[in-house]
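The values are calculated or read from the model by the stated rules, or taken from the named source; none is laboratory data. As the structure is a prediction and not an experimental result, all values here were calculated from the model. Glycine also receives a Cβ, built like all others from the backbone with ideal geometry; neighbour counts cover every protein chain displayed. Surface areas here come from the heavy atoms of the whole protein model, side chains and all, with no ligands, DNA or RNA. Shrake-Rupley method; radii C 1.70, N 1.55, O 1.52, S 1.80 Å.
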Amino acid sequence: MNLSWLLDFQALATSGNFSRAAADRAMTQPAFSRRIRALETWLGVTLFDRSTHPATLTEVGEWFRAEAQTILARVARVPDEARAVAASSSATLRFAATHALSLTFLPAWLRTLETRLEMGSIQLVSDVLQQCEALMLQGRAQFMLSHAHVLVPGRLDPGSYLSVKVGTDTLIPVSAGNGSGAPRHCLGAHADVRVPLLSYSDESGLARVIGALRGDALEKCGTETVFTAHLAAVLKSMALDGRGVAWLPVSLIQDELQDGRLVEAAPPDWRIELDIRLFRNQATAPPAAEAFWRAVDLSLA
């Protein structure tokens, strides 16, 4: 159905005269008549009684007159509503953040920024790094917060995406304690004993880092992957249950390290120092997003 047919219908319903309505609609009468017929065919009903002069609306035509007015009024409001939705969307800060940082770093970090900037609404998607990167590449997120390492590049091209270091973290292998302060499982302790490893799935950014920087060492020290998940929080639960060694960010396990429920399961040189970085597209963002980026810059000065 063509919306202009509704305007044709209204013109004829007002005048009852095909010639006059056609002139009002700036077309020939035959063309106008064909459009009215097309509308009736689409609806499957007769809207006008053509046996009278002027033409009069049928009963269903009277009903459709009110419906046509409602439809046209609704359509007329759409541009204003679309602009309102766009304005609301541009004022919303859209974040993608990895699961671990969503739980630990993000809330406190946002509180510090709120002292510099009055923030509006925030939309957060918490996911594995691979999905967070996809949201950025699709333009569905304005910012991405994730762990990063200079030797392990991600999928966001530095030529198109800016990033700033907003924090630090340390990735360490840990195990449940044995009750005397030592780890129940330890990397490299006995070459003839295979160490159960709690691993990240390939979608995880931490899996990329561990594989690139410690993959060879893990193979040499005789580890065996016994459990795989993409959430650090899940691996933490399995480690606490004594199921094996898990590489976890210190930000996620500070309390457990302090009270001895988790113990470092390798010498200090196995640790991996990480940046916490905020990414954005280089293209100009809506005012609210640009203001947020400036506030981040000021907080780092």
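Kindly provide the set of residues from segment 224-249 that are under 16 Å from L187 (Cα atoms), outside any strand (DSSP E or B) and open to solvent by less than 60 Å² (accessible area, probe 1.4 Å), ordered by number.
Those that are under 16 Å from L187 (Cα atoms), outside any strand (DSSP E or B) and open to solvent by less than 60 Å² (accessible area, probe 1.4 Å): A239, G242, G244.
Under 7 Å by Cβ, and 6 or more places apart or on different chains, what pairs join a residue from segment 3-22 that is free of Cβ contacts under 8 Å to residues at least 12 places away in the same chain with one that is open to solvent by 20 Å² or more (accessible area, probe 1.4 Å)?
Sorted first by the residue in segment 3-22, then by its partner, the pairs are S19/Q29; A22/T28; A22/Q29.
Could you check how many residues of segment 198-220 are of a type in the set (A, V, I, L, M, F, W, C) and either free of Cβ contacts under 8 Å to residues at least 24 places away in the same chain or open to solvent by 20 Å² or more (accessible area, probe 1.4 Å) (or both)?
So the count comes out to 4.
Can you tell me which residue is nearest to T168 (Cα to Cα) among those in segment 129-140 that are surrounded by 17 or more Cβ atoms within 10 Å (Cβ to Cβ) and touching a strand residue (DSSP E or B) at 6+ places or on another chain (Cβ under 9 Å)?
The selected residue is L129.
So which of F95, F105 ends up being touching a Phe, Trp or Tyr at 6+ places or on another chain (Cβ under 6 Å) and either under 17 Å from V166 (Cα atoms) or at pLDDT 95 or above (or both)?
Unique residue meeting the criteria: F95.
May I ask you to list the residues in segment 253-274 that are open to solvent by 40 Å² or more (accessible area, probe 1.4 Å), within 22 Å of W109 (Cβ to Cβ) and in contact (Cβ under 8 Å) with a residue 12 or more places away in the chain?
L257, E273 - these are the residues of segment 253-274 that are open to solvent by 40 Å² or more (accessible area, probe 1.4 Å), within 22 Å of W109 (Cβ to Cβ) and in contact (Cβ under 8 Å) with a residue 12 or more places away in the chain.
Taking only segment 163-172 into account, find how many residues are closer than 30 Å to G244 by Cα, open to solvent by 20 Å² or more (accessible area, probe 1.4 Å) and either among the hydrophobic types (A, V, I, L, M, F, W, C) or in contact with a Cys (Cβ under 6 Å, 6 or more places away or on another chain) (or both).
Residues meeting the conditions: 0.
So if I check each of S160, S146, S175, S126, which one is over 23 Å from P287 (Cα atoms), open to solvent by 20 Å² or more (accessible area, probe 1.4 Å) and either under 19 Å from the mean Cα position of the chain (by Cα) or of a type in the set (S, T, Y) (or both)?
Being over 23 Å from P287 (Cα atoms), open to solvent by 20 Å² or more (accessible area, probe 1.4 Å) and either under 19 Å from the mean Cα position of the chain (by Cα) or of a type in the set (S, T, Y) (or both) holds for just one of S160, S146, S175, S126, which is S126.
When segment 12-43 is examined, which residues are found to be among the small types (G, A, S) and either part of a helix (DSSP H, G or I) or in contact with a Phe, Trp or Tyr (Cβ under 8 Å, 6 or more places away or on another chain) (or both)?
A13, S15, S19, A21, A22, A23, A31, S33, A38
For the list (1) polar (S, T, N, Q); (2) within 23 Å of L252 (Cβ to Cβ); (3) over 19 Å from the mean Cα position of the chain (by Cα); (4) modelled with pLDDT under 95, I need the number of the one condition that T168 fails.
Unmet condition: (4).
Take the conditions among the hydrophobic types (A, V, I, L, M, F, W, C), touching a helix residue (DSSP H, G or I) at 6+ places or on another chain (Cβ under 6 Å), closer than 18 Å to A229 by Cα and modelled with pLDDT of 95 or more and apply them to L198. Does it pass?
Yes: the conditions hold for L198.
May I ask you to say which residue of L252, L274 is under 26 Å from the mean Cα position of the chain (by Cα) and assigned to a strand (DSSP E or B)?
After ruling out the rest, the residue left standing is L274.
Does segment 105-113 include one or more residues that are over 23 Å from I272 (Cα atoms) and in contact with a helix residue (DSSP H, G or I) (Cβ under 7 Å, 6 or more places away or on another chain)?
Yes, segment 105-113 has at least one match.
Would you please name the residue that is farthest from D297 (Cα to Cα), looking only at residues in segment 94-121 that are in contact (Cβ under 8 Å) with a residue 24 or more places away in the chain and exposed (fewer than 14 other Cβ atoms within 10 Å of the Cβ)?
The residue in question is S121.
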